[in-house]
Amino acid sequence: MAKRRRIGFVDGGSERLKYHRTLYFPPRFLWGTATSAHQVEGNNRDNDWWAWEQRSPKRPNSGRACDHYARYRSDVAQMKRLGYTSYRFSLEWSRIEPKPGKWNHRAIDHYRDLIRLCNKSGIKPVVTLHHFTNPQWLSDRGGWTRGSAVNFYLRYVRYVVGELGDVVDLWITVNEPLVYALQSYLVGIWPPGKTSYLQTFRVYWHLALAHRRAFAEIHRIYRERGWHNPRVGFTANTVSLYAYRQHSLASWLFIRVADFIWNHSFLVLTGRSRHDFVALNYYFHYRLKTAHFRTLRFFVQAREEHREMSEIGWEVYPQGIFDVLLDYRQYGLPVYIMENGIATMSESKRTRYLVSYLKEIYHAIQAGVDVRGYFWWSLMDNFEWHLGFVPRFGLLKVNYRTQQRTVRPAALVLSEISLRNCIPHRMLRVLGHSIALPPLVKPSRRTPVRRP
Ligand code: FCB
């Protein structure tokens, strides 16, 4: 029998702790990237975002975006070359149904071809049905503040699932319903730019109804047509939350409430049995500063605390994803990380971010969480909603003038991880050095600079 090489252990009586030098992921783990239609396709002229962008000269315009609608063949070929095994993208409802009840068959043919190409290239398609945008005609009818939106959405779901269900089995009904409701109806920085608690709640409630009914409908269609079992879920924008003052009871209570709202409320509203998996997008880590309701600034700002963050001020905190994953274990469902990534211009930081978050996910799997896939946001740089084209989230760099794509170092790192289904030890060493932190405070002439 071959002698097993012991890699390392801590001698503590009978308990021996192994140090794994190579972190293996479960078989058939999905390694993918994610995009959404309006952010990459270009010229989505019939939706509410397009109309919103035209309304004020101060707002960034999505325009041609990444021209992915025309370039999807070469984009899929690139994913295949990189050895990615899955691709999450969204269907643009306003392309498929530009006028109420009028179906655009060319748009469906387009998505069918994209899905066919993915399947042929060994890339499992994950299809999002609603990712923040709505047909303008739906907005004109009051959008998601009205119960009728649920019926319109279901009619659209019935149509697309009937058309594409034979080639797709992973569906996302709604992307980040809470973020959508808050940004569009409370903060008011996304269309239709409202600031009302009541409307926010109505929208959230209707999205929950839409998910419940779409879940049942998709399963019914598959049964009727004799297709194999679909898997249906939604994506939550999850947040890891901590109290700044660890011993304050008020903070602790507030954290419990905030955790419920952000991480669990949609699952509770829709019912656990209406989910085949739980899917989380993870970017945010918050420390609670004050527990009063007079202001929306409850949280410590990463910037003020001089924490490491992305170029748009989102804190880099890999341990948070471990905590959220462990919290999600309670549902006893398979888990997918459907989005995770960083807006940065520093390539060493992007790579380190990727490896450090994956390492935490590995630990969560070891701790018993049934994680089935990881999707980097995003395949390529794209239109980041109200922030326009400035944030660079892509594994592929996009030159927006020529639409040329360039493979970034992190794309190759994810490629190797995907091909070997592990994080090799060599990569873990990335975590030990090359920490690039931009200066947070500009030294003024009066600040004495200490030399080493
Ligand atoms: C997520 C959104 C996605 C993108 C990333 C950066 O919340 O789902 O469209 O904007 O953030």
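Worth a mention:
- All positions within segment 372-387 that are of a type outside the set (Ser, Thr, Tyr), near the ligand (Cβ under 9 Å from one of its atoms) and out of contact with any helix residue (DSSP H, G or I) (no Cβ under 6 Å at 6 or more places or on another chain): Trp377, Glu384, Trp385, Leu387
- Breaking point among (1) within 16 Å of the ligand (Cβ to nearest atom); (2) among the hydroxyl-bearing types (Ser, Thr, Tyr); (3) not in a strand (DSSP E or B), for Thr33: (3)
- Looking across segment 337-361, the residues that are of a type in the set (Ser, Thr, Tyr), more than 16 Å from the ligand (Cβ to nearest atom) and either at pLDDT 95 or above or touching an Asp or Glu at 6+ places or on another chain (Cβ under 7 Å) (or both) come down to Ser346, Thr351, Ser356.
- Only listed residue being under 24 Å from the mean Cα position of the chain (by Cα), within 16 Å of the ligand (Cβ to nearest atom), of a type in the set (Lys, Arg) and assigned to a loop (DSSP other than H, G, I, E, B), chosen from Arg88, Arg64, Arg59: Arg59
- Scanning segment 185-194 for residues that are touching a helix residue (DSSP H, G or I) at 6+ places or on another chain (Cβ under 7 Å) and more than 11 Å from the ligand (Cβ to nearest atom) yields a total of 6.
- For segment 55-80, a tally of residues being buried (at least 23 other Cβ atoms within 10 Å of the Cβ), of a type in the set (A, V, I, L, M, F, W, C) and under 21 Å from Arg401 (Cβ atoms) returns 2.
- Meets criteria (within 16 Å of the ligand (Cβ to nearest atom), outside any helix (DSSP H, G or I), over 21 Å from Pro60 (Cα atoms) and at pLDDT 95 or above) for Thr173: yes
- Members of segment 385-402 found to be part of a loop (DSSP other than H, G, I, E, B) and either within 19 Å of the chain's Cα centre (by Cα) or surrounded by 16 or more Cβ atoms within 10 Å (Cβ to Cβ) (or both), listed by number: Gly388, Phe389, Val390, Pro391, Arg392, Phe393, Gly394, Leu395
- Qualifying residue in segment 224-244 (condition: within 25 Å of His105 (Cβ to Cβ) and either of a type in the set (Asp, Glu) or within 16 Å of the ligand (Cβ to nearest atom) (or both)): yes
- The lone criterion from (1) crowded, with 17+ Cβ neighbours inside 10 Å; (2) of a type outside the set (Lys, Arg); (3) closer than 30 Å to Phe284 by Cα left unmet by Ile218 is number (3).
- Sole residue being of a type in the set (Gly, Ala, Ser), modelled with pLDDT of 95 or more and within 18 Å of the chain's Cα centre (by Cα), chosen from Gly271, Gly226, Gly233: Gly233
- Which listed residue is surrounded by fewer than 21 Cβ atoms within 10 Å (Cβ to Cβ), in a loop (DSSP other than H, G, I, E, B) and away from the ligand (no atom under 16 Å from the Cβ), from Val430, Val369: Val369
- Filtered residues of segment 233-260 (kept if surrounded by fewer than 16 Cβ atoms within 10 Å (Cβ to Cβ), aliphatic (A, V, I, L, M) and within 30 Å of Ala214 (Cα to Cα)): Val257
- Selected residue (criterion: surrounded by the fewest Cβ atoms within 10 Å (Cβ to Cβ)) from residues of segment 149-171 that are of a type in the set (A, V, I, L, M) and closer than 25 Å to Arg116 by Cβ: Val167
- In segment 342-357 there is no residue that is buried (at least 23 other Cβ atoms within 10 Å of the Cβ), in contact with a strand residue (DSSP E or B) (Cβ under 6 Å, 6 or more places away or on another chain) and touching a residue at least 24 places away in the same chain (Cβ under 8 Å).
- Test: residue in segment 327-336 that is in contact (Cβ under 8 Å) with a residue 12 or more places away in the chain, crowded, with 20+ Cβ neighbours inside 10 Å, within 16 Å of the ligand (Cβ to nearest atom) and assigned to a helix (DSSP H, G or I): no
- Across segment 125-170, the number of residues qualifying as within 16 Å of the ligand (Cβ to nearest atom) and either within 18 Å of Ala208 (Cβ to Cβ) or part of a helix (DSSP H, G or I) (or both) comes to 6.
- Of the criteria (1) more than 16 Å from the ligand (Cβ to nearest atom); (2) touching a strand residue (DSSP E or B) at 6+ places or on another chain (Cβ under 9 Å), which one Tyr197 fails: (2)
The values are calculated or read from the model by the stated rules, or taken from the named source; none is laboratory data. It should be emphasised that the depicted structure is a prediction, and the values quoted were computed from it without experimental measurement. Don't worry about glycine lacking a Cβ; one is built from the backbone with ideal geometry, like all the others, and counts go over all protein chains shown.
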